[in-house]
Structures are given as C-alpha cells and as structure tokens.
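The values are calculated or read from the model by the stated rules, or taken from the named source; none is laboratory data. Small disclaimer: the values here were computed from a predicted structure and weren't measured. Quick reminder, even Gly has a Cβ in these numbers, built from the backbone with ideal geometry, and neighbours come from all protein chains shown.
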Amino acid sequence: MTISENPVSKASGEQEIHGAVSAKMWGDFTKYSDFPESRPLLAHYTSIETLNAIVTNREMWFSNPLYMNDFEELRFGMNEATQAFFASESVRKACGDDERYNALCGAYAHYFKEFDEKHAFDTYITCLSLHSESDVDGRLSMWRGYGGNGKGAAIVFDTAQLNHVENSPLVIARVEYASSQDRREWIGAKLNELAQCIEGMAIPSDKLYLAAHAFFERVKMFSLFTKHIGFEEEREWRVAYMSERDTGSKLKHLLSYTVGRNGIEPKLKFKFEPLEGVFSENNSLSTLVHQIILGPSMSSPLAVKAVKRMLEQVGLPELCDRVRASSTPYRG
C-alpha cells in the first residue's frame with residue numbers, strides 16, 4: 001500500500017496526523033510478542049545477597065541505563081538516530097523548503113533536549129531473561145554472567161499473574177538483537193518512512209512537530225529495547241520506567257538513590273505491593289514468584305534449607321516449596 005492509498009493519508013487534525021505517523025513508525029512492531037499479549041516466565045539472575053534484600057524489603061531496584069555496564073548499547077539508538085535525522089536527504093527533500101525543514105529539525109531538537117534534561121536521569125530498567133517452563137536448572141551463561149558465577153539465585157517471575165493497566169508508567173517488552181549495521185539500516189528505513197509521511201500526507205508547516213514527536217518516541221523505545229546481537233543468548237526482556245509516562249506521579253515516590261562502590265547512583269526502588277495505575281492487587285512476591293533456583297555452585301541441600309529459613313523469617317513461608325537447586329554440574 002502506498003502513502004496515497006492510506007485511508008489516513010489526508011489527516012489534518014493533530015490527533016489524526018500524529019496517529020497516522022505513529023502507525024507508520026510502529027508498522028514493524030509485532031504486538032503479540034510483547035506484554036500483555038505475551039506473558040512468559042522471566043528470570044532475574046542475581047547474587048544471594050540481592051535475593052535476601054528483595055525478599056526482605058519486598059522491592060527490586062531498577063537502574064538508570066546510563067550507569068549500567070552496557071550503557072553504550074543503550075545510547076546507540078538515540079545518538080545514531082539523531083545524527084541520521086539531521087543528515088537525512090530524504091527528510092530534507094520531503095519538507096520541500098528550508099523553512100519547513102528548519103521547523104521539523106527545531107521540533108526534533110526540542111524533544112531531544114527535553115528528554116535529555118528532564119527525563120533521561122529518571123529512566124530506569126530492570127533486566128530479566130526469558131525462562132522455559134521446563135527449565136529447572138537455569139542457563140549456565142546467565143549463572144556465569146549475572147548469578148554470582150553460580151553462587152547466586154534466579155528468581156523466576158510469572159507475568160501471567162500481572163494485571164495489565166493501560167497507560168502504566170512501566171513498559172514490559174522483549175529486547176530485539178541486531179548488529180550495529182542492521183540497526184543503522186533500521187533507522188534509515190524509519191527516516192524514509194517519515195519522509196513519505198511528511199510528503200504524502202502534506203503535513204502543514206505548523207504541524208510538522210507532530211511528525212518529529214512520533215519519530216522521536218519510536219526511536220526512544222528502539223533505544224531502550226535493542227542490543228547488539230552478541231548478547232542474543234541472554235534472551236532478555238526489560239521492564240522500563242519512563243518518567244515522561246508517569247503523568248500521574250504514580251511511581252515518583254519510589255525514586256531514590258544508592259551509595260556503593262561506584263559512588264552515588266539514582267535508583268527506582270520498585271515495591272512489590274498494590275500500586276494504583278501501575279499493577280493491581282496481584283503485585284506481590286507471593287503471587288508473582290514462580291520459582292527460586294539456587295545457582296549450581298551453591299546447590300547443596302543445606303543451602304536450600306538456609307534459603308527456606310530466610311523466606312520463613314522474612315514472612316514469605318509460602319515461597320519455600322518453590323525453592324530448588326540447579327543440578328547443572330558447575331562449581332564456578
């Protein structure tokens with residue numbers, strides 16, 4: 001279907017224009033592979049100390065991507081897309097003249113600056129790994145990389161137990177993997193689609209900011225939920241908090257910080273409790289935890305008993321029957 005054949009190509013109102021461009025930007029998105037249409041088991045590999053902190057405090061800490069080990073991966077999309085946007089000849093040509101082109105570029109620069117100054121600091125993610133129902137041992141590569149080299153634990157969450165809330169400030173989605181070149185080509189294709197929308201819909205000059213916003217929002221999600229293909233075996237899903245989505249300040253009271261070996265860092269200290277406008281009454285460890293797997297380097301019966309005692313003493317005895325030890329023959 002060409003742009004001229006699109007039934008919304010003649011949209012003139014702000015909602016219609018933004019909706020039409022957004023639909024084009026998200027045309028490659030497979031809705032049924034992400035939450036809430038897909039509700040997989042997701043494992044959080046961590047140290048035994050962090051397991052203790054999670055169950056004791058009923059909270060999980062989300063990290064700012066700019067402070068994480070793979071921060072360059074997360075900056076890749078924003079930086080590459082911004083450079084490509086201002087260098088795009090197809091976008092310049094679609095605008096028709098310098099005045100319209102400058103209006104579009106000014107709008108994009110505004111959205112980028114607003115995100116950089118107001119929202120990037122309070123963007124947080126937590127990383128999980130797709131987990132099979134039949135997997136009772138965990139994956140060795142994840143134990144080595146994130147589970148204390150086998151001395152940690154994997155908390156397996158059942159997302160089927162979550163009640164989805166529209167317009168939640170949290171986004172749950174799987175990570176897409178691609179090479180650097182493939183990601184640059186994706187950005188280029190999106191810019192060509194943006195140019196088609198600008199030209200084919202004859203967007204008025206005073207409405208070009210809507211096209212810039214639709215493209216920027218797509219790029220932002222692309223940046224948060226893509227990684228280099230070298231990380232593909234992690235089978236990662238992410239839960240992301242974006243402050244610009246939290247218009248009702250539903251989670252802003254959980255914004256905090258921590259002081260550690262890397263200095264002071266901002267954190268979102270997410271609580272496993274009913275959170276209005278985010279998740280409903282099922283947001284508890286008792287409901288969400290499907291299994292707790294102890295790493296293969298600490299898989300003794302004594303370790304299992306000790307973790308069960310920990311759960312009993314923090315008031316979560318119902319989780320004791322969900323604890324098991326990995327049988328993978330790895331000692332770290």
How many residues are surrounded by 13 or more Cβ atoms within 10 Å (Cβ to Cβ), in contact (Cβ under 8 Å) with a residue 60 or more places away in the chain and among the charged types (D, E, K, R) when one looks only at the stretch 111-134? 1
Filter the stretch 238-283 for residues that are among the small types (G, A, S) and surrounded by fewer than 16 Cβ atoms within 10 Å (Cβ to Cβ); which is modelled with the highest pLDDT? S256
Only residues that are among the hydroxyl-bearing types (S, T, Y) and either surrounded by 21 or more Cβ atoms within 10 Å (Cβ to Cβ) or under 20 Å from L170 (Cβ atoms) (or both): list them for the stretch 287-310, please. T287, S299
